[in-house]
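Engineer: Here's a structure for you.
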Amino acid sequence: MTTTPPASTFETPLKFAYWVPNVSGGLVVSTIEQRTDWQFDYNKRLARIAEQSGFEYALTQARYAASYGADKQHEATAFSLALLGATERLRIIAAVHPGMWHPGVLAKWLITADHISGGRAAVNIVSGWLKDEFTGFGLPWLEHDERYVRTEEFIRILRGLLTEDGFSHHGTHYDISDFTLSPRPLDLPGRAHPEIFFGGNSTAAQATAGRVADWYFSNGRSLDGYEENVAGVRAAAEEAGRTPRFGLNGFAIVRDTRSEAEETLREIVAKAHRPAVEGFREAVKEAGQSTADGRGMWADSSFEDLVQYNDGFKTQLIGTPEEVAARIIAYKRVGVNLLLTAYLHFQEELAAFGREVLPIVRAKEQDLAREHGTELNTDLLPELADTSAGALV
C-alpha cells in the first residue's frame, strides 16, 4: 500500500523536532553511557542548540511515576514554559493527560503560554497507558477505547474554548456551559489556534486523530508499518473533511560508517536494563494487546524495540549522514511532515545532526519536489545559526 501525499508535502520543508529529556535515564533503557541530563540547565542549552541547528519543535514528556528506567521527572508544562522563556524561535510541545487535566484549565494555560512566548506553545494530548499513575493519584482509570472517547471530547473542548465565545459542550465526560476565555490566543497567520498534537497506534486512536488532531504522532515504524499505521487517520480525516499533518518518531544513530552505527545499536541493546524493559513490556500490554482488535501502541514490539520506549529503532535512522538523510526522504515520500528525534548523547549528536544530516536532507528535498513537478518553498526553512566562528557545542 502506497499513498501519494498532497503536493504541499513536497513543497513544504520537513520539520524536525526532538524529545526533551526532562526525565532521568536518557531515551534508551540501557546502561550504556548516555551523556544526557534531565535537569533544566542542560535542557536550556540543548534547546538553544536545537533552534540554532534547524530544529523547529521540542516535545516535553509527561511522567509522574518512576517507570522504564526514569526515577526522576520534571512536570511537562512548567518545564515547557521555562524552555520557551530560554529560546527565541523553538516551539515547545507540552504533553498532557486528560483525566489529570481539565480541558478548560489547559486552554487557559495554553493561551497564557502562547502570549508569553509569542505564539510558540503547543500541546500533545496523551490518553495515557500507565494505570498506576491514575490509580495512585486516586483518579478514575478508564479502559482503552473509553480513554479515547474522553480524549476526543477533551480536544474538541480545548479547541472550542480557544476559538469560540460562549462555548458549550455536553458529553459523556465533560459538561461545559456558555463559557468564554479571554484573552484569546494570539492572532497569527497560518493557524487558527496553538497546535494540538496527538498520538496512538490503535484503531480508536487513529480515528480520534483523524477527527480532531492538528498533528498525528506515530511511534517509530518501518516504511510499510508507517503507511499501515496512518491509514486509519487518513480515512477518518477524509470523512471529517480535515487535513492533519503527520509526525514520526525515530532514534538517530549517525556515525562516520554504517558499521559504527550498527555497533552502537548492538551495544545499546546488549546493555539493556532488562528488569526495566520487562517491566515496561508488562505495563504497556494495557496499551496495545488489550484493544479489541489487538492493534495499538507496542502491540507488535519486541524486547529490542522496547529498549527505546517509543519504538524509535524501527524507523532505522541508523548509518552515515547520507544514509540517514536518504531514509528520511523515503518517509517524506509517504507523507511524513515532521521527524521527532532522540539521541544517545543529546547535545553533541543533535548539533551534529543539524550540521551533517539536515543539509543533505534539504538538497534531497529540492530534488524530490522537482521530481513531483514543484519547487521546495525555501522561504519556510528555519533560521540557522552562523557557525563560521566555531562549533555550537
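Engineer: At pLDDT 95 or above and buried (at least 21 other Cβ atoms within 10 Å of the Cβ): is that true of Tyr216 in this structure?
Structural biologist: Answer is yes for this residue.
Engineer: Working carefully through the options Ala121, Ala113, find the one that is within 16 Å of the chain's Cα centre (by Cα), modelled with pLDDT of 95 or more, among the aliphatic types (A, V, I, L, M) and buried (at least 19 other Cβ atoms within 10 Å of the Cβ).
Structural biologist: Details: Ala113 fails: within 16 Å of the chain's Cα centre (by Cα).
Checking each option against the conditions leaves just Ala121.
Engineer: Let me ask another. Condition first: in contact (Cβ under 8 Å) with a residue 12 or more places away in the chain and outside any loop (DSSP other than H, G, I, E, B). Now tell me which residues in segment 161-181 satisfy that.
Structural biologist: Scanning segment 161-181 gives Leu161, Leu162, Thr163, Phe167, His169, Ile176, Asp178, Phe179.
Engineer: So, Ala276, is that one modelled with pLDDT of 80 or more, part of a helix (DSSP H, G or I), among the small types (Gly, Ala, Ser) and surrounded by 20 or more Cβ atoms within 10 Å (Cβ to Cβ) or not?
Structural biologist: no
Engineer: Right, here's the next one. Restricting the search to segment 28-61, which residues are acidic (Asp, Glu) and part of a loop (DSSP other than H, G, I, E, B)?
Structural biologist: The answer is Glu33, Asp37, Glu56.
Engineer: Only one residue in Leu248, Leu188, Leu265 is more than 20 Å from Ser127 (Cα to Cα), among the hydrophobic types (A, V, I, L, M, F, W, C) and outside any helix (DSSP H, G or I), so which one is that?
Structural biologist: Result: Leu188 is the single residue among Leu248, Leu188, Leu265 that is more than 20 Å from Ser127 (Cα to Cα), among the hydrophobic types (A, V, I, L, M, F, W, C) and outside any helix (DSSP H, G or I).
Engineer: Turning to a different aspect of this structure: Count, please, the residues in segment 38-74 that happen to be of a type in the set (D, E, K, R), closer than 20 Å to Val123 by Cα and either without any contact (Cβ under 8 Å) to a residue 12 or more places away in the chain or touching a strand residue (DSSP E or B) at 6+ places or on another chain (Cβ under 9 Å) (or both).
Structural biologist: Result for segment 38-74: 3.
Engineer: Taking the criterion of being assigned to a loop (DSSP other than H, G, I, E, B) and at pLDDT 95 or above, would at least one residue in segment 1-8 satisfy it?
Structural biologist: no
Engineer: Which of the following residues is among the hydrophobic types (A, V, I, L, M, F, W, C), part of a helix (DSSP H, G or I) and in contact with a strand residue (DSSP E or B) (Cβ under 7 Å, 6 or more places away or on another chain): Ile111, Ile157?
Structural biologist: Answer to the selection: Ile157.
Engineer: When only residues in segment 56-78 that are in contact with a helix residue (DSSP H, G or I) (Cβ under 8 Å, 6 or more places away or on another chain), hydrophobic (A, V, I, L, M, F, W, C) and more than 26 Å from Ile360 (Cα to Cα) count, which is surrounded by the fewest Cβ atoms within 10 Å (Cβ to Cβ)?
Structural biologist: Among those that are in contact with a helix residue (DSSP H, G or I) (Cβ under 8 Å, 6 or more places away or on another chain), hydrophobic (A, V, I, L, M, F, W, C) and more than 26 Å from Ile360 (Cα to Cα), it is Ala65.
Engineer: Going through Ser24, Ser30, Ser53 one at a time, which residue ends up being in contact with a Phe, Trp or Tyr (Cβ under 8 Å, 6 or more places away or on another chain) and buried (at least 21 other Cβ atoms within 10 Å of the Cβ)?
Structural biologist: Sole residue among the options that is in contact with a Phe, Trp or Tyr (Cβ under 8 Å, 6 or more places away or on another chain) and buried (at least 21 other Cβ atoms within 10 Å of the Cβ): Ser53.
Engineer: Only one residue in Val336, Val324, Val357, Val361 is surrounded by 20 or more Cβ atoms within 10 Å (Cβ to Cβ), within 23 Å of Asn249 (Cα to Cα) and in contact with a Pro (Cβ under 6 Å, 6 or more places away or on another chain), so which one is that?
Structural biologist: Exactly one of Val336, Val324, Val357, Val361 is surrounded by 20 or more Cβ atoms within 10 Å (Cβ to Cβ), within 23 Å of Asn249 (Cα to Cα) and in contact with a Pro (Cβ under 6 Å, 6 or more places away or on another chain), namely Val357.
Engineer: Which one of these is surrounded by fewer than 11 Cβ atoms within 10 Å (Cβ to Cβ), within 26 Å of the chain's Cα centre (by Cα) and not acidic (Asp, Glu): Pro183, Pro189?
Structural biologist: None of the others qualify; the one that does is Pro189.
Engineer: Here's a follow-up. Pick out the one residue from Arg150, Arg184 that is charged (D, E, K, R) and within 16 Å of His97 (Cα to Cα).
Structural biologist: Sole residue among the options that is charged (D, E, K, R) and within 16 Å of His97 (Cα to Cα): Arg150.
Engineer: Can you name every residue in segment 197-216 that is over 18 Å from His144 (Cα atoms), out of contact with any helix residue (DSSP H, G or I) (no Cβ under 6 Å at 6 or more places or on another chain) and either of a type in the set (Asp, Glu) or in a strand (DSSP E or B) (or both)?
Structural biologist: Phe197, Asp214, Trp215
Engineer: Please name all residue pairs, on different chains or six or more residues apart, with Cβ atoms under 7 Å, provided the first residue is in segment 226-249 and is under 20 Å from Pro194 (Cα atoms) and the second residue is assigned to a helix (DSSP H, G or I) and of a type in the set (Gly, Ala, Ser).
Structural biologist: If the second residue must be assigned to a helix (DSSP H, G or I) and of a type in the set (Gly, Ala, Ser), the pairs left are Ala237/Gly210; Arg242/Gly210; Thr243/Ala237; Pro244/Ala209; Pro244/Gly210; Pro244/Ala237.
Engineer: Further question on the same structure: Working carefully through the options Thr203, Thr243, find the one that is closer than 23 Å to Ala330 by Cα and among the β-branched types (Val, Ile, Thr).
Structural biologist: From the options Thr203, Thr243, the qualifying one is Thr243.
Engineer: Moving on. Would you confirm, using the coordinates I've provided, whether Ala122 is among the hydrophobic types (A, V, I, L, M, F, W, C) and more than 15 Å from Pro185 (Cβ to Cβ)?
Structural biologist: Values: among the hydrophobic types (A, V, I, L, M, F, W, C): yes; more than 15 Å from Pro185 (Cβ to Cβ): no.
No: the conditions fail for Ala122.
Engineer: For Phe167, indicate whether it is out of contact with any Phe, Trp or Tyr (no Cβ under 6 Å at 6 or more places or on another chain) and among the aromatic types (Phe, Trp, Tyr).
Structural biologist: no
Engineer: Does segment 25-41 contain at least one residue that is touching a helix residue (DSSP H, G or I) at 6+ places or on another chain (Cβ under 8 Å) and among the charged types (D, E, K, R)?
Structural biologist: There is at least one residue in segment 25-41 that is touching a helix residue (DSSP H, G or I) at 6+ places or on another chain (Cβ under 8 Å) and among the charged types (D, E, K, R).
The values are calculated or read from the model by the stated rules, or taken from the named source; none is laboratory data. As the structure is a prediction and not an experimental result, all values here were calculated from the model. Glycine also receives a Cβ, built like all others from the backbone with ideal geometry; neighbour counts cover every protein chain displayed.
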